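K.L.:
Have a look at this one before I ask anything.
The values are calculated or read from the model by the stated rules, or taken from the named source; none is laboratory data. Every value quoted in this text rests on a predicted model; they were computed, and no experiment measured them. A quick note on method: Cβ atoms are made from the backbone with ideal geometry, for glycine too, and the neighbour counts reach across all protein chains shown.
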């Protein structure tokens, strides 16, 4: 199971409206006692996007090997490869290689 391109943790709310933490690769969630900030602010501080939160919630509930999670990871890997190829092309154009 490849979970690269996902954050180590994120925050959301459970059905009762309480702030919970989701850990990469773990099932379920972990209650957060007395959070100082709402989940969206905590995620923003960590650099976690709303899309990543959705994927993390899905992984924690449905399994980390589901298409939801793996498609997200594959898309991120494709984006990284495209970015690397573009960077190499720009280096070549600019005479760095």
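K.L.:
Does any residue of the stretch 49-64 turn out to be in a loop (DSSP other than H, G, I, E, B) and in contact with a strand residue (DSSP E or B) (Cβ under 8 Å, 6 or more places away or on another chain)?
P.N.:
As a first pass, look at the stretch 49-64 and keep what is in a loop (DSSP other than H, G, I, E, B): 49, 63-64.
Within this subset, residues satisfying the condition of being in contact with a strand residue (DSSP E or B) (Cβ under 8 Å, 6 or more places away or on another chain) are none.
No, every residue in the stretch 49-64 fails to be in a loop (DSSP other than H, G, I, E, B) and in contact with a strand residue (DSSP E or B) (Cβ under 8 Å, 6 or more places away or on another chain).
K.L.:
For residue 26, indicate whether it is without any contact (Cβ under 8 Å) to a residue 24 or more places away in the chain, out of contact with any strand residue (DSSP E or B) (no Cβ under 8 Å at 6 or more places or on another chain) and at negative phi. Reasoning before the result, please.
P.N.:
Numbers: without any contact (Cβ under 8 Å) to a residue 24 or more places away in the chain: no; out of contact with any strand residue (DSSP E or B) (no Cβ under 8 Å at 6 or more places or on another chain): yes; at negative phi: yes.
It is false that residue 26 is without any contact (Cβ under 8 Å) to a residue 24 or more places away in the chain, out of contact with any strand residue (DSSP E or B) (no Cβ under 8 Å at 6 or more places or on another chain) and at negative phi.
K.L.:
Which condition from (1) at pLDDT 85 or above; (2) surrounded by 15 or more Cβ atoms within 10 Å (Cβ to Cβ); (3) assigned to a helix (DSSP H, G or I); (4) within 12 Å of the chain's Cα centre (by Cα) is the one that residue 42 breaks?
P.N.:
Going through the list (1) at pLDDT 85 or above; (2) surrounded by 15 or more Cβ atoms within 10 Å (Cβ to Cβ); (3) assigned to a helix (DSSP H, G or I); (4) within 12 Å of the chain's Cα centre (by Cα), residue 42 breaks only (4).
K.L.:
Take residue 48 and decide whether it is farther than 20 Å from residue 4 by Cβ, modelled with pLDDT of 95 or more and touching a helix residue (DSSP H, G or I) at 6+ places or on another chain (Cβ under 9 Å). Outline the logic, then answer.
P.N.:
Values: farther than 20 Å from residue 4 by Cβ: no; modelled with pLDDT of 95 or more: yes; touching a helix residue (DSSP H, G or I) at 6+ places or on another chain (Cβ under 9 Å): yes.
So residue 48 does not fit the description; no.
K.L.:
If we scan the stretch 79-89, do we find a residue that is loosely packed, with under 12 Cβ neighbours inside 10 Å, over 13 Å from the mean Cα position of the chain (by Cα) and either part of a strand (DSSP E or B) or modelled with pLDDT of 95 or more (or both)? If you could, list the steps in order and put the result at the bottom.
P.N.:
The first filter runs over the stretch 79-89 and keeps only residues loosely packed, with under 12 Cβ neighbours inside 10 Å, leaving 79, 81-87, 89.
When the remaining residues are screened for being over 13 Å from the mean Cα position of the chain (by Cα), the result is 79, 81-87, 89.
This time we only want the ones that are either part of a strand (DSSP E or B) or modelled with pLDDT of 95 or more (or both), so: none.
Scanning the stretch 79-89 turns up no residue that is loosely packed, with under 12 Cβ neighbours inside 10 Å, over 13 Å from the mean Cα position of the chain (by Cα) and either part of a strand (DSSP E or B) or modelled with pLDDT of 95 or more (or both).
K.L.:
Still on this model: Considering only the stretch 1-23, how many residues are part of a loop (DSSP other than H, G, I, E, B), free of Cβ contacts under 8 Å to residues at least 60 places away in the same chain and under 23 Å from residue 65 (Cα atoms)?
P.N.:
Step one: filter the stretch 1-23 for residues part of a loop (DSSP other than H, G, I, E, B), giving 1-8, 14-18.
Narrowing further to those that are free of Cβ contacts under 8 Å to residues at least 60 places away in the same chain: 7-8, 14-18.
Subsequent filtering for residues that are under 23 Å from residue 65 (Cα atoms) retains 7-8, 14.
So the count comes out to 3.
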